[in-house]
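These notes concern the structure reproduced below.
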Amino acid sequence: MSRIKWKLITRAALASLLSSATLVHATDGYFLPGYGVKSEGAGGAGVAFPQDALAPATNPAGIAFVDNRLDVGVDYFRPIRKAEITGNQLPPGYPDVNGSYDANGKKNFFIPQIGYTRPFGDQFTAGVAVYGNGGLNTTYAKPF
């Protein structure tokens, strides 16, 4: 293989590698991006575009645009909570805080949600949304 072809293939491979998408794991903490499958699937756009009975969880006025519905769901959430402290320089007499800290007291969470909306004529709609949200059992076994 000629030297020019080898350089071209190497550059093409490098450009392809640098422009490729990589797998990313991220959350918004324990606040979900949306409530309900449709809002979560749209990245939390349920605030401006209500599509199901869980619209009042993010925008109570959204129930005016939702028909008579009952929506029930469960989210599976598995956050990995940990911290790593390195290179911390404390004066003598202070405890050393460098190290690994694990806060996964419980790893798996099932977060329930239910919503119901019902229009009463053209001028009035009632609805309720009940959803789970909380601290998710973050407990550090070794204190900072």
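The values are calculated or read from the model by the stated rules, or taken from the named source; none is laboratory data. Owing to the predicted nature of the structure, the values given are computational and were not obtained by experimental measurement. Neighbour counts are summed over all protein chains in view; Cβ atoms, including those assigned to glycine, are modelled from backbone coordinates with ideal geometry. Side chains included, ligands, DNA and RNA excluded: accessible areas come from the protein's heavy atoms. Shrake-Rupley method; radii C 1.70, N 1.55, O 1.52, S 1.80 Å.
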Review point. Going by the structure shown, is PRO79 within 29 Å of the chain's Cα centre (by Cα) and touching a residue at least 40 places away in the same chain (Cβ under 8 Å)?
Key: yes
Review point. Of all residues in the range 119-144 being small (Gly, Ala, Ser), over 15 Å from the mean Cα position of the chain (by Cα) and under 20 Å from LEU70 (Cα atoms), which is modelled with the lowest pLDDT?
Key: GLY121
Exercise for review: Inspect the range 78-95 for any residue being of a type in the set (Lys, Arg), under 16 Å from SER39 (Cβ atoms) and assigned to a strand (DSSP E or B) and give the result as yes or no.
Suggested key: no
Point to revise | Conditions (1) of a type in the set (Phe, Trp, Tyr); (2) part of a strand (DSSP E or B); (3) modelled with pLDDT under 90: number failed by TYR116 | key: (3)
Practice item. Only residues that are touching a Gly at 6+ places or on another chain (Cβ under 9 Å), open to solvent by 70 Å² or more (accessible area, probe 1.4 Å) and not polar (S, T, N, Q): list them for the range 75-122, please. Key: GLU84, PHE110, PRO112, ILE114, TYR116, ARG118
Review point. Among the residues of the range 39-55 satisfying the criterion of being open to solvent by 30 Å² or more (accessible area, probe 1.4 Å) and not small (Gly, Ala, Ser), which is nearest to PHE109 (Cα to Cα)?
Key: GLU40
Review point. Which ones in the range 56-74 are β-branched (Val, Ile, Thr), open to solvent by less than 70 Å² (accessible area, probe 1.4 Å) and either at pLDDT below 85 or not in a helix (DSSP H, G or I) (or both)?
Key: THR58, VAL66
Check your understanding: Right, ASP52: closer than 20 Å to ASP122 by Cα, in contact with a Gly (Cβ under 6 Å, 6 or more places away or on another chain) and of a type outside the set (Ser, Thr, Tyr) or not?
Key -> yes
